[in-house]
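Following: one structure in structure tokens, then a few remarks.
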Amino acid sequence: MAFRPRARAKSLEARVRNWAQSTEPKPFLGAFAGFKVGMLNIVTVDDRDRTPNFGKQLANPSTILATPPLTIMGIRGYRVDYYGRHALFDIISQDTLKEQKKKTQSGSLEEAISKAEDRLNNVSSVAVLVSVSPKDARLSQKKPYTFEIKLTGSNTKQNFDYAKSILGKKLKVSDIFRTGQSIDVAAITRGKGVEGPITRFGVKRKQHKSRKSVRAVGTLGPISPAVVMFTVPRQGQRGFHQRIEYNKRILLIGNTSEEGFDINLKGGFKHFGALNGDFIVVRGSIPGVPKRLVKLRMPIRQKNTKVLEPKIVEVVAK
């Protein structure tokens, strides 16, 4: 029931509705974005206490993500009233607008900031508008992805001051995350097209002498009321859904230009090509196909607050 409706996603870009909360006034950017590259095997020393394999070597199937710099385009303030949440102001950096060839905002940047500071008493939360360009990851798509990230500090004034300090700048993944910590991953899964109830829901096949059909549900419901319940397995779309996976551990953060961090396969990764620039390696699988946008978020169901840097023994290309 948690995955209803099993319909095609509206966009190739996953939508993040909830952000990690912090009780500390010091603000920080709680998310990043990257592009799926491929899979690797990383051999590490198990550092989980009270486990049978503690201190032994483990082979971790891992996913590598290209993470080009994130450009801070603007600041958005929200207010909450009886009817919900509404955007109160937008501040857009003129330099980033010129790079994306979009219309500039009315008035100067200083005037927009001054007007926003006068409205801070009515602001309940502050978010930053960011963009990531596939071209920076050597992909063919020219149009950048633009989305917003909520600042997670508890003090609105400090959140706004921090947003002003990073406005128009480019942030690297190493400025947001660190090796060993857990993150949440949001992406659009691989599309499978239309499938029947056997493949889509795992319904058991009927016997071969059954009437009319074998790969179908035995009954769709009673005669009266003559209604098919939404809980009855039916054929339909499988795959290309938005999914979020929680508490994925970061095993490695690096840049291919640094010594010891060139993890490219001979001839490049399948369906992606050669990896250039910043990247991270996350333990386990990640939804989606190569080159698809993946959003990375601070964990909202964090299990362990203690962050240990993994001891990597070997990196094995799959």
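Does Arg297 satisfy being crowded, with 18+ Cβ neighbours inside 10 Å and over 30 Å from Arg8 (Cβ atoms)? It is false that Arg297 is crowded, with 18+ Cβ neighbours inside 10 Å and over 30 Å from Arg8 (Cβ atoms). Within region 53-97, if we keep just the residues that are part of a loop (DSSP other than H, G, I, E, B) and in contact with a helix residue (DSSP H, G or I) (Cβ under 8 Å, 6 or more places away or on another chain), the residue that is nearest to Gly288 (Cα to Cα) turns out to be Thr67. For region 171-188, the criterion of being farther than 30 Å from Leu58 by Cα, modelled with pLDDT under 95 and under 25 Å from the mean Cα position of the chain (by Cα) is met by at least one residue. Could you list, in sequence order, the residues of region 167-193 that are in a helix (DSSP H, G or I) and surrounded by fewer than 18 Cβ atoms within 10 Å (Cβ to Cβ)? Within region 167-193, Ser174, Asp175 qualify.
Scoring Arg200 on the criteria (1) in contact with a Leu (Cβ under 9 Å, 6 or more places away or on another chain); (2) farther than 23 Å from Gly34 by Cα leaves a single failure, condition (1). Please tell me if Gln237 is of a type in the set (S, T, N, Q) and assigned to a strand (DSSP E or B). So Gln237 fits the description; yes.
Pick out, from region 277-317, the strands (runs of 3 or more DSSP E) lying fully within it that include 1 or more residues that are acidic (Asp, Glu) and closer than 19 Å to Ala59 by Cβ. Fully inside region 277-317 and qualifying: 311-317.
Set side by side, the residues Asp81, Asp47 differ, and just one is modelled with pLDDT under 90 and surrounded by 12 or more Cβ atoms within 10 Å (Cβ to Cβ), which is Asp47.
A Cβ distance below 7 Å, combined with a sequence gap of six or more or placement on separate chains, defines the contacts here; from region 178-191, residues that are over 22 Å from Asn18 (Cβ atoms) reach residues that are at pLDDT 95 or above and aromatic (Phe, Trp, Tyr) in the pairs Gly191/Phe240.
Give the residue that is surrounded by the fewest Cβ atoms within 10 Å (Cβ to Cβ), with candidates limited to residues of region 258-274 that are among the hydrophobic types (A, V, I, L, M, F, W, C) and in contact with a Lys or Arg (Cβ under 8 Å, 6 or more places away or on another chain). Checked region 258-274; the qualifying residue surrounded by the fewest Cβ atoms within 10 Å (Cβ to Cβ) is Ala274. Just one of the listed residues (Thr305, Thr256) is hydroxyl-bearing (Ser, Thr, Tyr) and over 26 Å from Arg17 (Cα atoms), and it is Thr256.
Residues of region 63-82 that are more than 30 Å from Ile42 (Cα to Cα) and among the hydroxyl-bearing types (Ser, Thr, Tyr): Thr71, Tyr78, Tyr82.
Against the conditions (1) touching a residue at least 40 places away in the same chain (Cβ under 8 Å); (2) in contact with a Phe, Trp or Tyr (Cβ under 9 Å, 6 or more places away or on another chain); (3) surrounded by 16 or more Cβ atoms within 10 Å (Cβ to Cβ), Lys26 satisfies every one except (3). Only one of the listed residues (Asn247, Asn255) is surrounded by 14 or more Cβ atoms within 10 Å (Cβ to Cβ), at pLDDT 90 or above and under 30 Å from Met298 (Cβ atoms). That residue is Asn247.
The values are calculated or read from the model by the stated rules, or taken from the named source; none is laboratory data. Since the structure is predicted, the reported quantities are computational estimates derived from the model, not experimental observations. Note: ideal-geometry Cβ built from the backbone for every residue, glycine included; neighbour counts use all protein chains shown.
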